[in-house]
Amino acid sequence: MNAEEYTVGVVAKMAGVSVRTLHHYDEIGLLEPEGRSSTGYRLYTGDDIRTLQRILFYRELDFDLEAIRAILADPASTDVDLLHRQRRLLTERVARHQAMVALIDKELNARTLGITLTPQERLEVFGSSVLEDNATRAEEQWSGSDLWEQRKLRASAYSAEDWREIRSEQSRIHQRFLDSMNAGIPATDPTVMDVAEEHRLHLHRRFHDCDYGTHRSLAESYLANERIGLNFDDVAPGLSRYIHDAINANAERMTDA
């Protein structure tokens with residue numbers, strides 16, 4: 001055996017398959033090793049191992065052995081063609097799996113909030129706003145509290161149309177915060193505090209009791225909670241701080257009145 005030949009046991013270990021599998025590939029003519037030792041044992045060359053790699057890629061993509069044999073035997077396909085084809089197929093598989101994971105995450109978030117919508121409606125509700133609250137993070141912070149139970153109870157009764165209205169309200173409020181910040185209006189300006197008050201009333205009406213103390217706590221979470229804070233700051237750097245300051249200024253204004 002020369003330095004570029006490997007026994008069936010070594011190849012099986014490298015590839016993570018059984019020796020029996022390699023024997024079967026040989027017997028059906030799918031992968032016939034080029035060499036034999038003086039005692040008749042199979043010896044695999046570098047070319048054989050490359051062919052085995054192609055076979056295992058296609059097996060991972062659920063191709064049957066006959067289909068793989070036909071692909072490998074195609075005289076019009078070069079080795080580079082096979083690599084490009086496998087890369088494209090694997091990329092498509094990865095994209096499908098990533099989409100499935102994203103769908104599962106959205107479904108879990110919907111169930112966390114107790115939303116009883118169809119999968120299509122859940123995707124519509126949760127899929128399009130970078131300002132959308134992250135339900136998993138919210139549960140970690142508020143689970144077990146009266147506010148969380150109120151939120152789940154109210155959310156479970158909402159229809160798809162209700163959620164579209166809620167999202168529209170949220171978007172308008174967040175956009176008004178953003179427009180004010182971009183215009184250079186201080187967060188303590190009465191017009192911005194009015195937006196903060198609208199935000200509080202939106203939460204109070206749609207999700208849970210939200211007095212000024214609760215609103216202040218939520219404002220702190222926008223800074224402390226990495227997920228929510230980053231969502232606001234992804235829209236515009238400093239937006240989470242701006243909303244936080246407006247909420248606190250409004251709370252001071254209302255409690256001092």
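Spin-label point model (7 Å from Cα, Cβ direction): what's the THR188 to ALA70 distance in nm?
Placing both labels 7 Å along Cα→Cβ, they lie 7.6 nm apart.
Explain nothing, just compute: Karplus ³J(HN,Hα) = 6.51 cos²θ - 1.76 cosθ + 1.60, θ = phi - 60°, for every residue of region 64-70 in order, whole Hz, x for Gly and Pro.
7, 5, 5, 5, 5, 4, 5
Quick one: Karplus J couplings for region 37-49, per residue in order, coefficients 6.51, -1.76, 1.60, θ = phi - 60°, nearest Hz, x for Gly and Pro?
6, 4, 9, x, 6, 5, 10, 9, 8, x, 5, 4, 5
In region 140-217, if the dipole is taken from +1 on Lys/Arg beta carbons and -1 on Asp/Glu beta carbons about the Cα centre, which of ALA157, THR214, VAL192 is farthest to the positive end?
After comparing all options, I get ALA157.
If amide hydrogens are placed 1.01 Å from N in the peptide plane, which non-local residues have theirs closer than 5 Å to the one on THR7?
Long-range HN contacts for THR7: TYR44.
Remind me, relative contact order of region 1-106 in percent, using alpha carbon pairs under 8 angstrom and six or more residues apart?
Relative CO of region 1-106 lands at 21 percent.
Taking H placed 1.01 Å from N in the peptide plane, check which residues at least 5 places from GLY35 or on another chain put their amide H under 5 Å from its amide H.
LEU43, THR45
What list of ³J(HN,Hα) values in whole Hz, one per residue of region 14-31 in order, does the Karplus curve 6.51 cos²θ - 1.76 cosθ + 1.60 (θ = phi - 60°) give from phi, with Gly and Pro shown as x?
Once θ is set to phi - 60°, the couplings for region 14-31 become 5, 8, x, 10, 8, 4, 4, 4, 5, 4, 5, 4, 5, 5, 8, x, 7, 9 Hz.
Just so you know, all these numbers are worked out from the coordinates, no wet-lab data involved. In this text the structure is predicted, and so the values were computed from the model without any measurement. Heads up, the Cβs are rebuilt from the backbone with ideal geometry, glycines too, and the neighbour counts pull from every protein chain shown.
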